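Engineer: So that we are looking at the same thing, I have put the structure below in structure tokens.
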Amino acid sequence: MAEQSWQLMQGKRLIGMLVQDEVDMFWTDCHFAPGPGWADLQPLFAASRDAWRNGDMEAAVEADDAIHAQGLVLVPVDSGALLTEFLLRINGDKARLRY
């Protein structure tokens, strides 16, 4: 079975690529390769990661809401449905996706 992969898009701008590594119950672990638009959004993902790690639920939810407000979508590379509702954590070249 081929690995699932997605383009993380903001409008027509490529933010990055996700390639599925493995599925762990509700989360899909992926390799993340940044695209041309990543530098603008990386601080939002870092804020989310740091807030969750520090147990600051209010800041974590605010950071996740800020990410959601960016209008990101996941476009399957080969086949499948466009994903518009998902949680995404990105840390370096690792990503966790829940949809």
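Since every read-out is calculated from the coordinates, none of them should be taken as a lab result. Since the structure is predicted, the reported quantities are computational estimates derived from the model, not experimental observations. Every residue, glycine as well, gets a Cβ built from its backbone with ideal geometry; the counts of neighbours run over all protein chains shown.
Engineer: When GLN20 is evaluated against the numbered criteria (1) at positive phi; (2) of a type outside the set (A, V, I, L, M); (3) touching an Asp or Glu at 6+ places or on another chain (Cβ under 8 Å), which criterion, by number, is the only one it fails?
Structural biologist: (1)
Engineer: Can you tell me which residue is surrounded by the fewest Cβ atoms within 10 Å (Cβ to Cβ) among those in region 1-44 that are of a type in the set (A, V, I, L, M) and more than 13 Å from the chain's Cα centre (by Cα)?
Structural biologist: MET1
Engineer: Those residues that are outside any strand (DSSP E or B) and without any contact (Cβ under 8 Å) to a residue 60 or more places away in the chain, I need them from region 1-27; list them, please.
Structural biologist: Listed by number, the residues that qualify are MET1, GLU3, LYS12, MET25.
Engineer: So if I check each of ALA63, ALA46, ALA69, ALA39, which one is in contact with an Asp or Glu (Cβ under 9 Å, 6 or more places away or on another chain) and of a type outside the set (Lys, Arg)?
Structural biologist: ALA63
Listed here are the residues, each with its yes/no results for (1) in contact (Cβ under 8 Å) with a residue 12 or more places away in the chain; (2) within 20 Å of PRO34 (Cβ to Cβ); (3) in contact with a Cys (Cβ under 6 Å, 6 or more places away or on another chain).
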| residue | (1), (2), (3) |
| --- | --- |
| SER48 | yes, yes, no |
| ALA59 | yes, no, no |
| ASP64 | yes, yes, no |
| GLN70 | yes, yes, no |
| VAL77 | yes, yes, no |
| ALA81 | no, no, no |
| LEU88 | yes, yes, no |
| LYS94 | yes, yes, no |
| ARG98 | yes, no, no |
